[in-house]
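Step one of this worksheet: look at the structure below.
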Amino acid sequence: MKKKRVGIVGLGFIAKGVHLPGISKSPDLELTAICDIDAGALEAVQKAYGIDDAHCFTDYRDLIACEDVDVVDICVPNDVHYPVALCAIEMGKPYNLEKPVGLDKAEADTLAALTKEKELPNMVCFSYRFKAASRYARDLVLSGALGDIYHANMQYFQAWGIPYQDIPLLWFFTKEHAGSGVLGDLGSHGVDLVRFITGKEYQRVIGNQKTFVRERRKKDGSGMCKVDVDDSSYFMADMEGGLSASFLITRFAYGRSNYQRLEIYGSKGALIYKLDETPGVDELEVCIGEPYASTHTYTKVQIPDKYHVDQMQSLADILLGKGDGLSANIYDGQRDQYVLDAVIESSATGRWVTL
Ligand SMILES: NC(=O)c1ccc[n+]([C@@H]2O[C@H](COP(=O)([O-])OP(=O)(O)OC[C@H]3O[C@@H](n4cnc5c(N)ncnc54)[C@H](O)[C@@H]3O)[C@@H](O)[C@H]2O)c1
């Protein structure tokens, strides 16, 4: 079968770390075109992946229009998600979109509606759906092994905001380019993961956001600039079926790299999904049934091979019409964006916000 030809827009951290290697690894994908407004970034990827000049672009519209591109892979900062995805949809091209899907609900609504109208294959990169531990956790919860679910507690911790790291004012720290701070960056994953594993929709949220470092040095050395987004977001959510969930999301967790912990408690059992407690490793512990409950014993489980999947191969599978239905799509991204917007509103008003 003919490989699906991928054009990537945005050649920064996530493109280099996940998307480009994933395309190389997949027998069903091939990289045919690249685009970045930064000449250095473009040249580096051109050399590394042997792309000819005719397939290197600085304007995303040219890449999307290129006849050698079957799918548009969108790895740009959050404020550029909407224009690039919109252009792909208008030109009738399937797309793969980084998270969060846009800056706000309005952008997410438009992308979801137009994608539906055109029936375009698409994927949204909620990457932790591809962790074997989260897939196994989902199966356990949805099979009823934990009984009725009462609680979910989600922690997503990184440390690169803390002053000693001396990170300058990247686009991640501006509302204009990111929409929100750690909420959209890491919180979007946490919100999706709880929804993915429990299968429950959000009903209402209440939360608070904080900015610990209010100004950061500009990258060009020309002084300081204001940070106008959150460094930490913590919130509670009522979800379907009486499930109460809580979230602590921060870039100020000393000593953490990419740490996630999701505890789920039900009437017959509990589980703990963990990422990065052992560096880079996803793990699952369970406590199911009376003998384990009475001795408060959580046991690490072996995760069956069938739960090991790859993000970019999952994109290929969607394009080939054989997706497993577990990857996120623009509809999931839209639901996620609703929660992010509601947390921001709640933090501003101090009130519960109904979705
Ligand atoms: N799924 C995940 O786990 C994960 C992890 C990290 C980042 N991300 C997401 O990936 C996206 C990119 O993040 P990143 O860390 O790679 O950022 P980055 O700043 O490292 O890279 C972004 C790249 O986009 C380029 N760019 C900016 N505007 C452009 C335009 N108009 N046309 C073409 N190129 C343009 C920049 O020059 C840069 O090379 C963000 O939405 C982020 O939230 C997702």
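Since every read-out is calculated from the coordinates, none of them should be taken as a lab result. Not measured: the values here are computed from a predicted model. Note that each Cβ is placed from the backbone with ideal geometry, even for glycine, and that neighbours are counted across all protein chains shown.
This ranking places ASP324, ASP68 by how few other beta-carbon atoms lie within 10 Å of each, fewest first, which gives ASP324, ASP68. Per-residue 3J(HN,Hα) values for the stretch 218-227, derived from phi via the Karplus relation 6.51 cos²θ - 1.76 cosθ + 1.60 with θ = phi - 60°, read 6, 5, 7, x, 8, x, 9, 9, 6, 9 Hz in sequence order (x marks Gly and Pro).
Our coupling estimate for the stretch 27-42, obtained by passing each phi through the Karplus curve with A = 6.51, B = -1.76, C = 1.60 and θ = phi - 60°, is x, 9, 10, 9, 7, 10, 8, 9, 8, 7, 7, 9, 4, x, 5, 5 Hz, Gly and Pro reported as x.
Overall dimensions of the stretch 280-355, expressed as equivalent-ellipsoid semi-axes from the Cα gyration tensor (√(5λ), whole Å, largest first), are 31, 28, 10.
Taking packing as the residue-averaged number of other Cβ atoms within 10 angstrom, the listed peptides 90-99, 303-312 run from highest to lowest as 90-99, 303-312. With only the Cα atoms considered, the chain has a convex hull volume of 144 Å³ per residue. If each Cα of the stretch 112-192 is one equal point scatterer, what is log10 of I(q)/I(0) from the Debye formula at q = 0.13 Å⁻¹? Listed by q, the Debye log ratios stand at -0.69. Using θ = phi - 60° in the Karplus curve 6.51 cos²θ - 1.76 cosθ + 1.60, the 3J(HN,Hα) couplings for the stretch 285-299 round to 10, 10, 9, 10, x, 3, x, 6, 4, 5, 10, 6, 9, 9, 10 Hz; x is entered for Gly and Pro. Considering only the Cα atoms of the stretch 90-153, their convex hull presents on average a projected area of 6.4 nm².
With neighbours defined as other Cβ atoms within 10 Å of a residue's Cβ, the residues SER244, SER222 order from fewest to most as SER222, SER244. When every Cα-Cα distance of the stretch 1-40 is counted in 5 angstrom steps from zero, the calculated P(r) takes the values 6, 24, 31, 23, 10, 5, 1 percent. Eigenvalues of the alpha-carbon gyration tensor of the stretch 98-244, scaled by 5 and square-rooted, set the equivalent ellipsoid semi-axes at 31, 20, 14 angstrom, largest first. Amide H contacts for CYS66 (H built 1.01 Å from N in the peptide plane; partners 5 or more residues away or on another chain; cut-off under 5 Å): none found. Taken over the stretch 180-325, the convex hull of the Cα atoms encloses 185 Å³ per residue. Once backbone amide H atoms are built at 1.01 Å from N, ASP28 has no partners under 5 Å, excluding neighbours fewer than 5 places away on the same chain. Would you list, by chain and number, the lysines whose Cα falls below 16 Å from the Cα of LYS274, excluding same-chain residues fewer than 8 positions away? Answer for LYS274, where 16 Å is the Cα cut-off: LYS131, LYS300, listed by chain and number.
Calculate log10 I(q)/I(0) of the stretch 4-127 for q = 0.10, 0.18, 0.21, 0.23 Å⁻¹, where I(q) comes from the Debye formula with a single equal point scatterer on each Cα and nothing for solvent. These q points yield log10 I(q)/I(0) values of -0.27, -0.89, -1.22, -1.45.
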